[in-house]
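Just below is one structure, and these are the notes that go with it.
The values are calculated or read from the model by the stated rules, or taken from the named source; none is laboratory data. Given the structure is predicted, the values throughout are model-derived calculations rather than measurements. Quick reminder, even Gly has a Cβ in these numbers, built from the backbone with ideal geometry, and neighbours come from all protein chains shown. We work out accessible area using only protein heavy atoms, side chains counted, and drop any ligands, DNA or RNA first. Shrake-Rupley method; radii C 1.70, N 1.55, O 1.52, S 1.80 Å.
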Amino acid sequence: MGLKELSESINKRPELTRHPKGRPFEMNFPIIQERVIFEDGLNEELVTIIRSHGDTQHHKTNVKANMTNWFMQKQHAQFQIVGDKAISIAKKNSPHDIGMELFDCWGVIYQKDDWTKVHDHWPHLWSFVYYIQCGENDSPLEFPDVRRHREHLVRPVSGDMVLFPGWLRHKVSPQLADNERIIVSGNLHPKIN
């Protein structure tokens with residue numbers, strides 16, 4: 001099974017939290033927000049690439065915004081650079097020293113009224129979002145199940161990367177601001193070899 005087929009089969013199954021034998025737990029999970037610095041010009045290159053790909057997903061994924069294909073790191077080294085930074089942050093924040101690799105990585109441009117449905121990235125170890133460009137009034141990344149009857153919000157900040165365990169459900173409410181919000185997102189999994 002190739003990467004595309006694996007990704008499609010993962011998306012067809014019910015979310016882990018809806019498993020018929022699921023039980024509620026209240027636990028702490030790391031949600032890391034860290035400022036990252038890349039070489040001059042990388043953000044501009046990423047934005048140009050994302051714009052040139054346009055909405056290849058046609059709003060048919062959980063992301064209801066202009067989204068590139070899933071495996072941009074296979075076509076553009078700039079996405080692998082972002083993924084490598086996510087790997088270094090994940091290694092710093094993981095309880096065990098295991099090898100990790102970038103599974104998939106995509107770009108998104110949110111415009112006014114764009115949003116993302118509640119979903120998770122099971123079976124990935126870590127998921128991440130890198131905020132290339134966003135405004136102070138952009139919709140936050142929301143984790144509705146972090147605490148019972150509450151949710152945890154992460155305010156987007158240009159230049160920040162957010163990492164979280166892939167099985168945590170998350171969403172983005174409709175973008176109310178008129179500006180574009182441009183991100184790179186992806187998933188990390190254990191290195192097999």
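Quick notes
- Total residues in region 70-83, condition touching a residue at least 12 places away in the same chain (Cβ under 8 Å), over 14 Å from Ile132 (Cα atoms) and either touching a Phe, Trp or Tyr at 6+ places or on another chain (Cβ under 6 Å) or open to solvent by 40 Å² or more (accessible area, probe 1.4 Å) (or both): 5
- The residues of region 92-111 that are open to solvent by 60 Å² or more (accessible area, probe 1.4 Å) and modelled with pLDDT of 95 or more, listed by number, are Glu101, Gln111.
- Only a single criterion out of (1) part of a strand (DSSP E or B); (2) buried (at least 18 other Cβ atoms within 10 Å of the Cβ); (3) at pLDDT 95 or above is not satisfied by Ala86, namely (1).
- Scanning region 122-142 for residues that are within 19 Å of Asn66 (Cα to Cα) and in a loop (DSSP other than H, G, I, E, B) gives Cys134, Gly135, Asp138, Ser139, Pro140.
- The set of residues in region 21-36 that are modelled with pLDDT under 95 and either part of a loop (DSSP other than H, G, I, E, B) or surrounded by fewer than 10 Cβ atoms within 10 Å (Cβ to Cβ) (or both) comprises Lys21, Gly22, Arg23, Pro24, Phe25, Glu26, Met27, Asn28, Phe29, Pro30, Ile31.
This table checks each residue for (1) crowded, with 16+ Cβ neighbours inside 10 Å; (2) of a type outside the set (S, T, N, Q); (3) touching a residue at least 24 places away in the same chain (Cβ under 8 Å); (4) out of contact with any helix residue (DSSP H, G or I) (no Cβ under 6 Å at 6 or more places or on another chain).
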{"position": "Pro156", "(1), (2), (3), (4)": "yes, yes, yes, yes"}
{"position": "Leu176", "(1), (2), (3), (4)": "no, yes, yes, yes"}
{"position": "Ser185", "(1), (2), (3), (4)": "yes, no, yes, yes"}
{"position": "His189", "(1), (2), (3), (4)": "yes, yes, yes, yes"}
{"position": "Asn193", "(1), (2), (3), (4)": "no, no, no, yes"}
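- Qualifying residue in region 128-138 (condition: free of Cβ contacts under 8 Å to residues at least 40 places away in the same chain and either of a type in the set (Ser, Thr, Tyr) or touching a His at 6+ places or on another chain (Cβ under 8 Å) (or both)): no
- Residue in region 42-56 that is assigned to a helix (DSSP H, G or I), within 19 Å of His121 (Cβ to Cβ) and not charged (D, E, K, R) present: no
- Filter result (free of Cβ contacts under 8 Å to residues at least 60 places away in the same chain and buried (at least 17 other Cβ atoms within 10 Å of the Cβ)) within region 41-52: Ile49
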